[in-house]
Amino acid sequence: MDRTLKALSLVLSYPTRELQGAMAEVGAVLASDTRLTAAARRDLRPLIGEMEADDIYDLEERYVMLFDRSRTLSLNLFEHVHGESRDRGGAMVSLVETYREGGFDPATSELPDHLPVLLEFLATRPWAEARAVLADAAHIFEALNERLVRRESAYASVFAALVQLSEASIDRQAVAELMAQPDVDPADLEALDEVWEEAEVRFGPDPGAGCPQAREMLARMDALATPAPHSAAE
């Protein structure tokens with residue numbers, strides 16, 4: 001079990017009192033991982049502190065405002081890959097099968113492409129495989145990081161850490177394409193309604209299917225379905 005990926009999965013999960021109680025341990029895991037630079041570990045501390053000490057209702061509201069009401073900050077990765085095209089459903093089915101064949105049965109009502117769920121799964125895989133999947137999604141993590149930095153959210157540190165763990169060279173063009181999507185203030189209910197109303201459900205070939213980053217990420221997830229032998233370090 002990769003304790004850092006598990007810890008990041010917990011940090012990105014919906015806040016609960018139980019999760020608050022685990023933050024000291026989660027923070028200790030993140031602070032001890034030398035795959036992260038000292039600066040990255042330091043940047044995670046404010047978020048850990050907020051999650052440990054802030055009022056639970058404030059934490060819940062902050063989480064919903066960021067990740068549930070803003071499509072450009074969605075933690076469902078295929079939202080950024082497939083949007084509303086029907087190919088998203090097929091990708092979900094494929095990912096569920098990948099989880100099952102890898103012996104992973106997430107105990108959650110979240111969609112299978114929910115980032116905390118994916119990170120929990122990757123935490124059970126050999127590091128080389130997990131890192132490769134992170135690398136394929138690094139442009140999404142970087143776009144989320146930049147959007148959260150603009151919002152002055154401490155959650156940005158998690159996505160910066162994921163980019164660093166991926167060891168990927170960021171495709172700036174892919175990031176720019178994601179950043180070009182309208183970023184609506186989640187507090188602006190009228191603007192949010194307009195974005196959701198204007199979203200078109202597309203039938204036919206997925207326009208993102210030819211995107212190398214999307215194709216490689218999905219192919220990598222499919223490859224994880226083949227169980228790998230456990231190493232002595234696991």
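Would you mind finding the one in Val158, Val163, Val81, Val149 that is touching a helix residue (DSSP H, G or I) at 6+ places or on another chain (Cβ under 8 Å) and surrounded by fewer than 15 Cβ atoms within 10 Å (Cβ to Cβ)? Even if it seems obvious, please write down each step before you answer.
Details: Val158 fails: surrounded by fewer than 15 Cβ atoms within 10 Å (Cβ to Cβ); Val163 fails: surrounded by fewer than 15 Cβ atoms within 10 Å (Cβ to Cβ); Val81 fails: surrounded by fewer than 15 Cβ atoms within 10 Å (Cβ to Cβ).
Step by step, each of Val158, Val163, Val81, Val149 is checked, and only Val149 is touching a helix residue (DSSP H, G or I) at 6+ places or on another chain (Cβ under 8 Å) and surrounded by fewer than 15 Cβ atoms within 10 Å (Cβ to Cβ).
To keep it simple, each residue is scored yes or no on (1) aliphatic (A, V, I, L, M); (2) crowded, with 17+ Cβ neighbours inside 10 Å.
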position: Leu5; (1), (2): yes, yes
position: Ser9; (1), (2): no, yes
position: Ala28; (1), (2): yes, no
position: Leu36; (1), (2): yes, yes
position: Leu47; (1), (2): yes, yes
position: Glu61; (1), (2): no, no
position: Val64; (1), (2): yes, no
position: Arg71; (1), (2): no, yes
position: Ala91; (1), (2): yes, yes
Fill in the blank from the handout: Taking the stretch 21-53 and keeping residues farther than 13 Å from Ala7 by Cβ and not in a helix (DSSP H, G or I) leaves Thr34, Thr37
Handout entry: Residue within the stretch 157-175 that is of a type in the set (Lys, Arg), at pLDDT below 95 and assigned to a loop (DSSP other than H, G, I, E, B) present
Key = no
Handout entry: Of all residues making up the stretch 106-142, the number that are over 11 Å from the mean Cα position of the chain (by Cα), small (Gly, Ala, Ser) and either buried (at least 22 other Cβ atoms within 10 Å of the Cβ) or part of a helix (DSSP H, G or I) (or both)
Key = 4
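Considering the stretch 93-105 alone, what residues qualify as being exposed (fewer than 13 other Cβ atoms within 10 Å of the Cβ) and in a helix (DSSP H, G or I)?
Applying the first criterion (exposed (fewer than 13 other Cβ atoms within 10 Å of the Cβ)) to the stretch 93-105 yields 93, 100, 103, 105.
Within the stretch 93-105, Val93, Arg100 qualify.
The rows are residues; the columns are (1) in contact (Cβ under 8 Å) with a residue 12 or more places away in the chain; (2) more than 17 Å from Gln164 (Cα to Cα); (3) in contact with a helix residue (DSSP H, G or I) (Cβ under 9 Å, 6 or more places away or on another chain); (4) of a type in the set (S, T, N, Q).
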position	(1), (2), (3), (4)
Ser13	yes, yes, yes, yes
Thr16	yes, yes, yes, yes
Leu19	yes, yes, yes, no
Ala22	yes, yes, yes, no
Glu25	no, yes, yes, no
Ser32	no, no, yes, yes
Ala38	no, no, no, no
Ile48	yes, yes, yes, no
Met51	yes, yes, yes, no
Fill in the blank from the handout: Going through the stretch 66-92 in order, the residues found to be at pLDDT below 75 and not in a helix (DSSP H, G or I) are His82, Gly83, Glu84, Ser85, Arg86
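The values are calculated or read from the model by the stated rules, or taken from the named source; none is laboratory data. Source: prediction; values computed, not measured. Counting neighbours? That spans all protein chains shown, and the Cβs are built from the backbone with ideal geometry, glycine included.
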